[in-house]
Structures are given as structure tokens and as C-alpha cells.
Amino acid sequence: MKIPIQPQVLTLLTLLSLAACKQDNMDIPKIPEVKKPSVTKRQVPVKFESTEITLNLKYKANTAILLEIDEGRGNKFLIDYTPENFPATLEKYQNGVLVYIVYYILDTKKKVAKAVTFNHDDKLQEYTPTGSYTLSYKEPEFLEVVKYYNETDKPGHTYIRTFNGSGILSEIGSTSSQGLLNKVGFHFDQQNGISSLIPYSQLFSLEADYWFLFCLGGNLLSRINEKSPLENLSLNYSYADDGYPSVVNLARNGSTQKIKITYKTLE
């Protein structure tokens, strides 16, 4: 049986509530953490469209294994894999011509431990070594340290990635034998990451510097380069019902691009 509350009681409860607020110095309540929407679909991006450029991504059939990023006009990246679907090579084409290639070397645990790079001269059909880099990991999925070497194996810059408690990238610091050179800070949302299902997206971002390859545990909101502010990015998104971004407004160096994102659903 419901017991009615008399008006006098309601008035007393209201006064008590106000008094409690005064005792607590009218503390402002904390904004609750935004929760990720439940994922109803497993999706990977297949197209990014703006007035300036269109990117098309291709995958192995019925998988999220990335094979190609095509900018059009013969400019693209092609990725090849071993029969077990570990990265083998990444090729860069300009105007339809191969200009650069990366060979990936696996360790005994089948992780990419080293990459060796070459420029390619199409007229001479020659490859010229340009250097290499080694990779180490904080955990199986977190690329942490990348050390670069020139073509004579002389050490160059080292890039160290820092992650927050949720495993989200927060900073990349570059160092040399002379000490710290630069820091780049990152901030992400808490929605479904555009590239969260693409294997090795962290690895491929070392060669193909597309912002969406950083969107793993969330989507990139800003990239702040301490020494090169022209490289700074600011992004905001419109989201579909499933939590994946459908439109992004990307601001860089005083201009803004509106980019539409198209996905395919994995079976």
C-alpha cells in the first residue's frame, strides 16, 4: 500500500536537502564518465570522402585485414602478408609508380620486430636501402618503442609511446643521443574506434600517417605537436547509432575538412 506524503513533510525534506548542500559548500557534482554504446555491428572503414580527397580502403574478403589505402591518381599503399596473415611488405606508389617498400621481419613469437626500408627507382629498376627500425611492445597489442637506424646501421631517433591506464595512447616522445627532442600529445573520445578492428594499424601508421589509423580504443580528438604546431590536429565527430563516427570535422593549420566515413560490416 502506498503511503501519501503530506505537503508539510515535502517542505521539510526540501529544507533539509538545501541545508545539506550548504554544509557541503554547494559542491558541483562530478560529470559521469561517458560510456561506450554497446557494439551491435563489427565494422571497418572502406571510404573517407571530402571535397579535397577520397580514400578507399580494401581488405581481404570477409576480414579486417587491410590490403590497400588508395588516394586516387595512382597514389596508394599496398600491404602484403604471409600465408598466416602476418605483415610481410608495405609498398608506396606515387602516380602509379613504386617509390618505396618496407620489409617486415618477425621474431620467434611472430611479432614484427624489425622493418627494413628501401627507395625504388622505377627507371633503373633498382632498390636503394634507406635504413631500418626496430619495434618493441609494452603488451602484445601496444607498440611502445620504435628505434630508427640509417642505411649504415647508425642509430637515429627513438620514439617512445606512453599509454594511460585504459591502454589509450597519450603521448609520443622522440629522443636521440642528445636527449628529448619533442613530444606529441594525443586525446581520444570514448566511442567505438574507427580502426579498432584493423590488425597492425599502429604498425602501418608509422609509414602511412593517416589520423584514423590511430583510432583504436577511441577516436582521435586532438594531436598537439610541441615543436611543430602546423602539424596539430583538432577533430570532432557525428556518430551513428552504433557508436562509430559517421562524419568528422578535421581542423588543421587554419582550415577545416568535413569528411564522410563509410563502413562495411564484417560477417
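Annotations for the structure displayed:
- Of the residues making up region 76-94, at least one is touching a Phe, Trp or Tyr at 6+ places or on another chain (Cβ under 7 Å), of a type in the set (Lys, Arg) and free of Cβ contacts under 8 Å to residues at least 60 places away in the same chain.
- Flag for ASN219 being among the polar types (S, T, N, Q) and at negative phi: yes
- Any chance THR89 is outside any strand (DSSP E or B) and of a type in the set (Val, Ile, Thr): no
- Subset of region 222-240 that is at pLDDT 95 or above and exposed (fewer than 15 other Cβ atoms within 10 Å of the Cβ) - its residue that is farthest from ALA61 (Cα to Cα): SER222
- The lone exception for TYR100 - which of (1) modelled with pLDDT of 95 or more; (2) of a type outside the set (S, T, N, Q); (3) closer than 30 Å to GLY218 by Cα it fails: (3)
- Hits in region 146-156 - residues which are part of a strand (DSSP E or B) and either of a type outside the set (Phe, Trp, Tyr) or in contact (Cβ under 8 Å) with a residue 24 or more places away in the chain (or both): VAL146, LYS147, PRO155, GLY156
- Among the residues of region 188-207, just one is closer than 15 Å to PHE48 by Cα and aliphatic (A, V, I, L, M), namely ILE194.
- The number of residues in region 157-211 that are touching a strand residue (DSSP E or B) at 6+ places or on another chain (Cβ under 6 Å), hydroxyl-bearing (Ser, Thr, Tyr) and either farther than 24 Å from LEU230 by Cα or in contact (Cβ under 8 Å) with a residue 60 or more places away in the chain (or both) comes to 1.
- Of the residues GLY243, GLY254, the single one that is in contact with a Pro (Cβ under 7 Å, 6 or more places away or on another chain) and either over 15 Å from PHE188 (Cβ atoms) or at pLDDT below 95 (or both) is GLY243.
- Output for region 210-237, where each listed residue is in contact with a helix residue (DSSP H, G or I) (Cβ under 8 Å, 6 or more places away or on another chain) and basic (Lys, Arg): ARG223
- Matching entry among SER166, SER170, SER132 (being assigned to a strand (DSSP E or B) and within 25 Å of CYS215 (Cβ to Cβ)): SER170
- Residue ID - nearest to PRO129 (Cα to Cα), chosen from residues in region 148-167 that are of a type in the set (D, E, K, R) and more than 24 Å from the chain's Cα centre (by Cα): GLU151
The values are calculated or read from the model by the stated rules, or taken from the named source; none is laboratory data. Keep in mind it's a predicted model, so treat the numbers as computed, not measured. In this analysis, Cβ positions are derived from the backbone assuming ideal geometry, glycine residues included, and neighbour counts consider all displayed protein chains.
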